[in-house]
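Worksheet for the structure shown next.
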Amino acid sequence: MKVLVTGATGLIGSALCDSLFARGDDVVGLSRDPGKARGANPRVTWHAWEPTLERPPAAAFEGVDGVVHLLGEKISQRWTGEAKRKIMETRRKGTHNLVGTIAGLERRPSVLVSQSAVGYYGNRGDEVVDESTGPGDSFDSEVTREWEKAAREAEAAGVRLAIIRTGQVLDAGGGMLAELLTPFKLGIGGPIAGGDQYLSWIHIDDEVGILLWALDKPEVSGVVNATAPEPTSNRDFSKALGRALGRPAIVPVPGFVLDLKFGSEFGTVLKGGQRAIPKRAQELGYEFKHPRLDEALEDLI
């Protein structure tokens with residue numbers, strides 16, 4: 001296959017590109033700075049694209065069989081007015097522009113696999129949610145609704161669409177787990193804001209696995225939760241990480257610390273969570289490589 005990937009230099013995108021190359025696929029990337037991106041991964045064929053300002057060049061899609069769209073300003077930051085604008089527009093406008101080029105092609109890719117997030121559901125306490133559950137009302141929920149709405153424009157162009165609502169991706173090389181490793185190794189890690197909130201996690205191998213599965217399988221369309229089958233509370237996640245590292249995990253992090261670091265709006269989101277299950281992925285036959293948290297953390301660490 002020839003696959004075009006947006007966000008190809010990010011945590012998930014880099015791992016996805018490695019897997020695509022490992023199975024013999026060709027990869028095309030879109031980047032604001034192709035020169036810098038080429039230095040990060042010279043095997044990718046890079047094209048320039050400013051996602052909020054323009055449609056990507058049609059030449060980048062020549063011979064492309066499928067598109068995986070991962071691009072978006074990072075959520076985990078202080079939500080200033082400017083940050084929120086970038087978080088929204090890189091997803092809403094960027095996806096609209098991407099689909100605009102796809103729709104105008106004489107030979108279109110057969111599938112668009114478009115990233116989303118379980119933040120769609122908002123803070124749901126201990127309620128179990130699946131792909132049929134409605135959205136929440138927080139800013140991150142609004143962002144994912146707009147993101148998915150823009151991606152659905154591809155269906156009108158006759159392109160199969162799979163929307164992947166991803167949970168917290170676990171990878172020792174980046175993201176949440178990488179940030180937690182140092183304090184937990186020092187024995188000063190523990191549950192956050194009481195620890196009752198649920199964490200819908202997924203091992204990086206399964207995140208990439210679901211993206212490739214959605215890319216390859218014609219029967220996969222619509223919304224799919226990319227989360228492990230057993231979401232866990234923050235408290236139990238802390239205990240499991242402590243076990244994996246052979247360290248205690250009993251030092252709590254008060255909720256106000258999150259407010260100080262990220263501001264009250266995103267801090268409130270971090271103190272909540274979702275108990276999302278991958279109902280459709282399992283119904284459609286995806287087999288998880290790392291369905292259990294203890295084994296997943298042992299593998300990563």
(request) Just need a number here: residues in segment 112-134 that are within 21 Å of Thr80 (Cα to Cα) and part of a loop (DSSP other than H, G, I, E, B). (result) 2
(message) Just to verify a result, which residue in segment 219-264, among those that are of a type in the set (Ser, Thr, Tyr), outside any strand (DSSP E or B) and surrounded by fewer than 20 Cβ atoms within 10 Å (Cβ to Cβ), is farthest from the chain's Cα centre (by Cα)?
(response) Ser264
(message) Go through (1) in contact with a helix residue (DSSP H, G or I) (Cβ under 6 Å, 6 or more places away or on another chain); (2) more than 26 Å from Gly167 (Cβ to Cβ) for Thr95 and report which single condition fails.
(response) (2)
(request) Mind listing whichever residues of segment 26-64 are loosely packed, with under 15 Cβ neighbours inside 10 Å, charged (D, E, K, R) and under 21 Å from Arg107 (Cα atoms)? (result) Glu54, Glu62
(request) Select from segment 133-183 the residues that are within 16 Å of Val113 (Cα to Cα) and β-branched (Val, Ile, Thr) and write down the one among them that is surrounded by the most Cβ atoms within 10 Å (Cβ to Cβ). (result) Thr144
(request) Under 6 Å between Cβ atoms, at least 6 apart or on separate chains: pull out the pairs that start in segment 1-27 with a residue that is among the polar types (S, T, N, Q) and end on any residue that is part of a helix (DSSP H, G or I). (result) Thr9/Ala37; Thr9/Ala40; Ser19/Val208
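Let's see how each residue does on (1) in a strand (DSSP E or B); (2) touching a helix residue (DSSP H, G or I) at 6+ places or on another chain (Cβ under 6 Å); (3) more than 26 Å from Gly173 (Cα to Cα); (4) of a type in the set (A, V, I, L, M):
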{"residue": "Val3", "(1), (2), (3), (4)": "yes, yes, no, yes"}
{"residue": "Val27", "(1), (2), (3), (4)": "yes, yes, no, yes"}
{"residue": "Ala37", "(1), (2), (3), (4)": "no, no, no, yes"}
{"residue": "His47", "(1), (2), (3), (4)": "yes, yes, yes, no"}
{"residue": "Glu50", "(1), (2), (3), (4)": "no, no, yes, no"}
{"residue": "Pro56", "(1), (2), (3), (4)": "no, yes, yes, no"}
{"residue": "Leu71", "(1), (2), (3), (4)": "no, yes, no, yes"}
{"residue": "Gln77", "(1), (2), (3), (4)": "no, yes, no, no"}
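Yes/no matrix, rows are residues, columns are (1) free of Cβ contacts under 8 Å to residues at least 60 places away in the same chain; (2) out of contact with any helix residue (DSSP H, G or I) (no Cβ under 6 Å at 6 or more places or on another chain); (3) within 30 Å of Ala151 (Cβ to Cβ):
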site	(1), (2), (3)
Val208	no, no, yes
Thr227	no, yes, yes
Ser233	yes, yes, no
Gly242	yes, yes, no
Arg280	no, yes, yes
Glu283	yes, yes, yes
Glu287	yes, yes, yes
His290	no, no, yes
Glu298	yes, no, no
(request) State which residue pairs qualify: first residue assigned to a loop (DSSP other than H, G, I, E, B) and inside segment 167-181, second residue surrounded by fewer than 20 Cβ atoms within 10 Å (Cβ to Cβ) in any location, beta carbons under 7 Å apart, and separation of 6 or more residues or different chains. (result) Ala172/Ala178; Ala172/Leu181; Ala172/Leu300; Ala172/Ile301
(message) Looking at Asp137 and the list (1) in a loop (DSSP other than H, G, I, E, B); (2) touching a residue at least 24 places away in the same chain (Cβ under 8 Å), which single condition is not satisfied?
(response) (2)
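Values quoted throughout were computed directly from the atomic coordinates according to the rules given, and no laboratory measurement underlies them. Remember, predicted model here, so these are calculated numbers, not experimental data. Please note: Cβ atoms are built from the backbone with ideal geometry, for glycine as well, and neighbour counts cover all protein chains shown.
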